[in-house]
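A.B. asks: Okay, handing you the structure first.
The values are calculated or read from the model by the stated rules, or taken from the named source; none is laboratory data. All figures in this text were calculated on a predicted structure; none of them were measured in a lab. Heads up, the Cβs are rebuilt from the backbone with ideal geometry, glycines too, and the neighbour counts pull from every protein chain shown.
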Amino acid sequence: MVELPAARGDDSWSGILQVVVVFAMILIFFGGYGWYVEHKVKVGPRFSVPVHIGHLISSVTTGLLLIVVLNLVLQFILQVLHIVPETAQNQAGINRMLELNSMSKFVTLFLAVIVAPVCEETIYRLLLIGPIKTKQVKPTTRHRKRLAILSWVFFILAHMGQQLYGVIVSPSWNGTVAAITASLTYGVLSFVLVREYYLHGSLARSMVIHMSWNALAAGALLLN
């Protein structure tokens, strides 16, 4: 997603309201596009509501568990190497927004829990990897694997672009280590989301995992 204004030092009410309007429009556009492809373009089984809900609950449980386990493994490896993980600039902007007034907290939760998952999953999963099968074509397994790798990489770059650019322009050991550790954290999330979409071809499943993880992360920040 586009970096929040707080990451650029804009904490004004006008900046916050501008974010709401812009991302509400983006949400409507990408949400509508995702719905159209899911219901009009792709070829897939039509499940009843109870079965569909069961699939979503299963995906959330499995996805969140996998994210937690992989993050624990990552933290253990970093501790063994005596490396202190750094917070990505994108995440730092979110943290700052949550520390402001109640309006900014509401806006941040809206962006992080609703807008970002819908837009990002539509872009990085539906557009990049595509449906497993459509009415016109069925992509080959090799083709989808390559697109899945691109989806994984692009998701990391989208969240770490500015930080990685800073390392390239002004290289330093601390900056490089910080960028790598922060990228690995996003890499874990990206891997789980790509895996879920690649296996099932369900945009709803990857969205609900993304929403659930962002909600847990935001909730933990608010409690702290």
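A.B. asks: Starting from the stretch 208-221, take each residue that is in contact (Cβ under 8 Å) with a residue 12 or more places away in the chain and list its partners that are among the polar types (S, T, N, Q), counting only C-beta distances under 8 angstrom and pairs at least six apart or across chains.
C.D. replies: Between residues of the stretch 208-221 that are in contact (Cβ under 8 Å) with a residue 12 or more places away in the chain and residues that are among the polar types (S, T, N, Q), the close pairs are V208/S59; I209/S59; A218/T108; L221/N95.
A.B. asks: Given the options K138, K133, name the one that is touching a strand residue (DSSP E or B) at 6+ places or on another chain (Cβ under 9 Å), over 24 Å from V73 (Cβ atoms) and surrounded by fewer than 18 Cβ atoms within 10 Å (Cβ to Cβ).
C.D. replies: Numbers: K138 fails: touching a strand residue (DSSP E or B) at 6+ places or on another chain (Cβ under 9 Å).
When all the criteria are applied, what remains is K133.
A.B. asks: Suppose the filter is in contact (Cβ under 8 Å) with a residue 12 or more places away in the chain and among the hydrophobic types (A, V, I, L, M, F, W, C); does V73 pass it?
C.D. replies: On the way: in contact (Cβ under 8 Å) with a residue 12 or more places away in the chain: no; among the hydrophobic types (A, V, I, L, M, F, W, C): yes.
In short, no.
A.B. asks: Out of the residues in the stretch 141-176 that are β-branched (V, I, T) and within 30 Å of V84 (Cβ to Cβ), which is surrounded by the fewest Cβ atoms within 10 Å (Cβ to Cβ)? Break it down stepwise before answering.
C.D. replies: Step one: list which residues in the stretch 141-176 are β-branched (V, I, T), which gives 141, 149, 153, 156, 167-169, 176.
Next, from what is left, pick out any that are within 30 Å of V84 (Cβ to Cβ): 149, 153, 156, 167-169, 176.
Details: I149: 14, V153: 15, I156: 22, V167: 17, I168: 10, V169: 8, T176: 13.
Checking each candidate, the answer is V169.
A.B. asks: List the helices (runs of 4 or more DSSP H) inside the stretch 115-212, counting only whole elements, that have at least 2 residues being within 17 Å of the chain's Cα centre (by Cα), modelled with pLDDT of 80 or more and more than 22 Å from K40 (Cβ to Cβ). Quick ask: steps written out before the conclusion?
C.D. replies: Values: elements: 116-121, 141-169, 173-200.
So the answer is 141-169, 173-200.
A.B. asks: Specify the residue that is surrounded by the most Cβ atoms within 10 Å (Cβ to Cβ); the eligible residues are those in the stretch 53-112 that are of a type in the set (S, T, Y) and at pLDDT 90 or above.
C.D. replies: S59
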